[in-house]
Structures are given as structure tokens and as C-alpha cells.
Amino acid sequence: MKATTVLTMGENALTLLDLLRRAAAHKGLRLHEGASKAYSEPIKEYTLDEKLLAALAERNIKRQDRPDCRNQIFTLVDENPQEKVPGWLPSNYWNFKPSEGEKRGFDLRVTLSVGFGINLQKRGVVLVPQAHGSYVSAADQLPNFRMFKALAELDTDAPAVVKELATSDGTAVVTWTELGLGGIRRLADLFAEFTARNETVAELGRNGEVFNPAPNSRYQQPGDELFIPEPAQPKIIETWRTQLNEYRSHLVA
């Protein structure tokens with residue numbers, strides 16, 4: 001009977017989504033499910049009154065007139081220096097539409113949330129500040145951080161995670177150790193160690209015919225990759241070694 005190690009999700013194997021959920025919960029947040037990008041449910045919403053607008057202006061996040069829109073759009077622009085990407089203009093502004101109903105003015109709501117991403121070099125989940133307006137929002141990370149930081153500093157009741165990010169350099173990391181997952185590794189990276197740069201064995205892994213659990217199928221999507229907690233890693237490597245020896249023995253026969 002062919003050797004195998006059964007992977008049980010949430011126990012000896014974790015998905016990317018599992019890790020993001022755990023990191024969110026560690027910070028008292030909830031992951032927004034079903035989105036194309038990973039970010040939290042809204043943390044806090046602010047309505048930009050005259051006092052907040054004045055404070056933002058002091059930080060060079062200012063209103064700019066839009067004569068082309070005939071007063072149908074209220075635009076705030078981060079006028080601070082921006083990161084330059086060749087071929088791209090900075091996405092450093094927020095557009096707000098007029099308020100609905102009889103109330104005059106604009107719908108000047110900004111909602112703070114947190115974006116999530118895996119960073120293998122930093123050994124954990126990276127949290128990125130986001131400040132979404134009610135209509136069109138800045139996409140670049142730097143203006144988002146500036147808006148997030150300004151609103152956090154002006155709010156004495158800001159949640160702890162908001163205060164933490166406001167005092168950061170623009171990101172924070174929830175490490176694997178903080179999540180009780182010190183030493184966790186991607187299944188594909190574990191297999192790369194097992195192959196010891198043997199391209200023939202690596203190709204067998206890509207074909208998905210010899211090894212179970214399959215380490216890195218060529219048809220695998222980035223979000224489908226698995227992460228293996230440290231206690232389960234030796235058994236998986238031993239299983240692969242047994243499977244490889246069985247495959248070699250059949251070739252000899």
C-alpha cells in the first residue's frame with residue numbers, strides 16, 4: 001500500500017485564508033469574506049466635518065476644486081510627496097458625491113480598515129492601513145496611511161489596532177510565533193528542501209503523480225497553497241521519501 005500522510009485542514013495544514021483569519025482575530029478584527037483582496041471588516045467610520053477637514057489640511061490632505069464636475073464632486077488630495085511608479089500616476093485622492101435626500105452637502109464618510117498579506121521574509125501576516133471614502137478612494141499605500149494616521153491621531157477613542165498602525169511606519173506584522181505557529185512553512189518550500197535542487201524529483205512533484213500530499217501542482221492557484229505547522233513537517237518529508245523510494249523500485253522492476 002502506498003505511503004501517505006493525510007492533511008487535515010486547520011490541524012496539520014492551513015490555507016492562506018486560515019492564516020489571514022487567525023491574524024485578523026489576533027488583532028480583534030474580522031476578515032471580510034468573499035472579497036478579491038484580503039481586508040478586514042470596517043473598524044471605524046468618520047464623517048469629515050469642518051474640524052476634521054481643517055486638521056487634514058494641516059497635514060496637506062486638502063480639497064481641490066473640480067470645475068469639470070460642476071460642484072458634483074468633493075475631492076480631497078494628499079499633496080505630500082508620493083511614491084513614483086514609472087508609467088503610473090499617483091492614486092492619491094478621494095472623491096465624494098453629494099449627500100442623498102434633502103440634506104445639502106457631500107457624503108464625506110471615510111472608513112478605516114486593514115488590508116492583509118503574507119510576508120515570508122517577515123515570518124507572518126502584514127497589516128496595511130486602509131482609508132476608504134464613500135465613493136472613490138486612493139489606491140496607493142502611502143496616502144492611505146496618511147489619511148488613516150491623521151484620523152487616528154485626531155481620535156482619542158480610536159481602537160487599539162488603529163492606534164498601533166498609526167504609530168507604525170505604515171505596516172505592522174502579526175508573526176507566526178504570535179499566532180502559535182512558529183516554524184510554519186509553505187508545503188512547496190518544504191518540498192524544495194526535500195528535493196535538494198534535484199530537478200528530476202522536482203518535476204515529479206509538479207506532475208502530481210508520485211507524491212501525496214502533492215507539493216506544488218502546476219495547476220495550483222496562489223491562494224490554494226498550503227502551509228504546514230512545524231510538528232507535521234518531519235512526517236510529510238518521511239512520507240515523500242518513502243513514496244520516492246517506492247517509485248524508484250518500480251522503475252528498477
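Return the residue satisfying two criteria in turn: it lies in segment 71-115 and is charged (D, E, K, R) and modelled with pLDDT under 90, and of such residues it is nearest to ARG146 (Cα to Cα).
Within segment 71-115, the subset charged (D, E, K, R) is 78-79, 83-84, 97, 100, 102-104, 107, 109.
Right, trim to modelled with pLDDT under 90 and you get 83-84, 100, 102-104.
Details: GLU83: 13, LYS84: 16, GLU100: 28, GLU102: 33, LYS103: 29, ARG104: 28 Å.
This residue is GLU83.
Out of the residues in segment 1-31 that are assigned to a loop (DSSP other than H, G, I, E, B) and open to solvent by 60 Å² or more (accessible area, probe 1.4 Å), state the one that is nearest to SER113 (Cα to Cα).
The qualifying residue nearest to SER113 (Cα to Cα) is ARG30.
For the structure I just gave you, tell me whether LEU52 is modelled with pLDDT of 95 or more, open to solvent by less than 90 Å² (accessible area, probe 1.4 Å) and either touching a helix residue (DSSP H, G or I) at 6+ places or on another chain (Cβ under 6 Å) or closer than 30 Å to PHE211 by Cα (or both).
no
Filter segment 146-165 down to the residues that are open to solvent by less than 40 Å² (accessible area, probe 1.4 Å) and closer than 24 Å to GLU79 by Cα and list them by number.
MET147, PHE148, ALA150, LEU151, ALA152, ASP155, VAL162, LEU165
Select from segment 166-189 the residues that are outside any helix (DSSP H, G or I) and either without any contact (Cβ under 8 Å) to a residue 24 or more places away in the chain or over 24 Å from LEU226 (Cα atoms) (or both) and write down the one among them that is most open to solvent (accessible area, probe 1.4 Å).
Within segment 166-189, the match that is most open to solvent (accessible area, probe 1.4 Å) is ASP169.
Can you find, within segment 58-68, the residue that is most open to solvent (accessible area, probe 1.4 Å) among those that are under 16 Å from ASN144 (Cβ atoms) and part of a loop (DSSP other than H, G, I, E, B)?
If we filter segment 58-68 for residues that are under 16 Å from ASN144 (Cβ atoms), which is where we start, we get 59-61.
Subset that is part of a loop (DSSP other than H, G, I, E, B): 59-60.
Values: ARG59: 80, ASN60: 58 Å².
The extreme case among them is ARG59.
Could you check segment 192-207 and list, in sequence order, the residues that are farther than 13 Å from TYR247 by Cα and either of a type outside the set (Lys, Arg) or in a loop (DSSP other than H, G, I, E, B) (or both)?
ALA192, GLU193, PHE194, THR195, ALA196, ARG197, ASN198, GLU199, ALA202, GLU203, ASN207 - these are the residues of segment 192-207 that are farther than 13 Å from TYR247 by Cα and either of a type outside the set (Lys, Arg) or in a loop (DSSP other than H, G, I, E, B) (or both).
Here are PHE148, PHE116: which of them is of a type in the set (Phe, Trp, Tyr), under 30 Å from ARG185 (Cα atoms) and touching a helix residue (DSSP H, G or I) at 6+ places or on another chain (Cβ under 8 Å)?
The match here is PHE116.
Which one of the conditions (1) more than 12 Å from PRO143 (Cβ to Cβ); (2) basic (Lys, Arg); (3) out of contact with any strand residue (DSSP E or B) (no Cβ under 6 Å at 6 or more places or on another chain) does ARG123 fail to meet, given that it meets all the rest?
(3)
Quick one: in segment 209-240, which of the residues that are at pLDDT 90 or above and surrounded by fewer than 13 Cβ atoms within 10 Å (Cβ to Cβ) is farthest from PHE191 (Cα to Cα)?
Ranking the candidates gives PRO231 first.
List every residue pair whose Cβ atoms sit under 8 Å apart, with the two residues 6 or more apart in sequence or on different chains, where the first one lies in segment 239-250 and is in contact (Cβ under 8 Å) with a residue 60 or more places away in the chain and the second, anywhere, is open to solvent by 50 Å² or more (accessible area, probe 1.4 Å).
That search, which allows pairs on different chains as well, returns THR239/THR4; THR239/ASN212; GLN243/LYS2; GLN243/THR4; GLN243/ASN212; GLU246/LYS2.
Since ALA35 meets every condition but one in (1) modelled with pLDDT under 95; (2) part of a helix (DSSP H, G or I), which condition does it not meet?
All conditions are met except number (2).
Is it the case that segment 143-157 has a residue that's polar (S, T, N, Q) and touching a Phe, Trp or Tyr at 6+ places or on another chain (Cβ under 9 Å)?
No, every residue in segment 143-157 fails to be polar (S, T, N, Q) and touching a Phe, Trp or Tyr at 6+ places or on another chain (Cβ under 9 Å).
Taking the condition of a type in the set (Val, Ile, Thr) and open to solvent by 20 Å² or more (accessible area, probe 1.4 Å), does THR195 pass?
It is false that THR195 is of a type in the set (Val, Ile, Thr) and open to solvent by 20 Å² or more (accessible area, probe 1.4 Å).
The values are calculated or read from the model by the stated rules, or taken from the named source; none is laboratory data. The structure presented is a predicted model; accordingly, all values stated were derived computationally and were not measured. For neighbour counting, all protein chains shown are included, and Cβ atoms are generated from backbone atoms with ideal geometry for every residue, glycine included. The accessibility values were calculated without ligands, DNA or RNA, using every heavy atom of the protein model including side chains. Shrake-Rupley method; radii C 1.70, N 1.55, O 1.52, S 1.80 Å.
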